[in-house]
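The block underneath contains the structure these notes are about, expressed in structure tokens.
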Amino acid sequence: MTLTPTMLLIVCPLALLAGFIDSIAGGGGMISLPAYYLAGLSPALASGTNKLSAMMGTALATRNFAHAGKLDWGIGIPAAIGALLCSAVGALVMVALPPRVVQVLVLTCIPIAAVFTLRGRKGTAQAKERTPQATRAIALAIGCGVGFYDGLIGPGTGTFLILFFLQLFAMDAVRASGTAKLVNLASNVAALVSLILTGDVLFLLGLPAGLCAMLGAALGSRLTIRRGGAVVRVVMLVVLGLLLAKMLMDVLG
């Protein structure tokens with residue numbers, strides 16, 4: 001496919017915005033993926049190119065959170081391993097499962113997620129009582145489940161990761177966001193490798209879009225680290241609202 005200046009003008013500003021939002025609360029794919037469609041890419045090529053730019057932005061955000069000490073490696077690494085293992089499985093199931101079934105399932109989850117977001121972090125006592133082995137097992141299970149969702153659906157993956165970390169490990173919102181970036185990065189890399197092998201990545205567009213996503217991620221991660229959990233929760237609610245609207249539009253045709 002031939003790259004044109006119009007494609008860059010459409011995708012790059014939206015990739016910057018997606019990187020900014022994604023670095024705070026996840027959900028950047030709801031902005032960046034439609035941008036590739038608007039630029040004229042086929043669904044497979046759009047998905048692969050989007051994974052490239054998203055991976056670049058997520059990698060920088062992960063680095064910033066880690067540098068600031070806002071990343072829980074003990075939970076993030078097992079969850080990242082689970083995401084690596086299961087994101088490809090989700091993609092395979094996506095091919096076999098009717099899209100309407102998946103959309104309805106997600107629709108039922110979003111209001112519940114919004115309620116838990118408003119509640120803030122819970123389960124402090126339970127988290128303190130767990131053994132390290134149990135903590136790692138739960139983190140691995142979260143990574144498997146959300147990685148499967150990422151392969152199956154995609155948008156909102158980082159948001160759901162943050163929510164699980166808040167509720168099950170009683171993390172503060174900034175650390176939950178930072179840890180989610182590591183897991184999301186692993187899932188993005190797994191999906192990107194498979195899409196590169198199938199030839200579904202337009203590097204000439206994905207690389208400049210990825211640089212824009214990195215700029216957005218730099219701004220968003222720094223804002224989150226400085227301003228704290230209030231920013232994360234507000235953006236999470238906005239992302240969940242957008243995801244709900246998107247799924248309703250898909251279901252209603």
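No lab work stands behind these numbers, since they all come straight from the coordinates. Just so we're clear, the structure is a prediction, and the values are computed from it rather than from any experiment. Methodologically, a virtual Cβ is constructed for each residue, glycine included, from the backbone with ideal geometry; neighbour enumeration extends over all protein chains shown.
Of note:
- Kirkwood radius for region 9-61, taken over all pairs of different Cα atoms as the inverse mean of 1/r, rounds to 10.7 Å.
- By other beta-carbon atoms within 10 Å, ranking Leu248, Leu211, Leu41 with the fewest at the front produces Leu248, Leu211, Leu41.
- Order of Ser194, Ser221, Ser42 under a 10 Å beta carbon neighbour criterion, fewest first: Ser42, Ser194, Ser221
- Listed by Cβ neighbour count within 10 Å, with the fewest neighbours leading, Thr224, Thr6, Thr179 appear as Thr6, Thr224, Thr179.
- Of interest is the spacing of the C-alpha centroids, which for region 26-58 and region 217-251 amounts to 17 Å.
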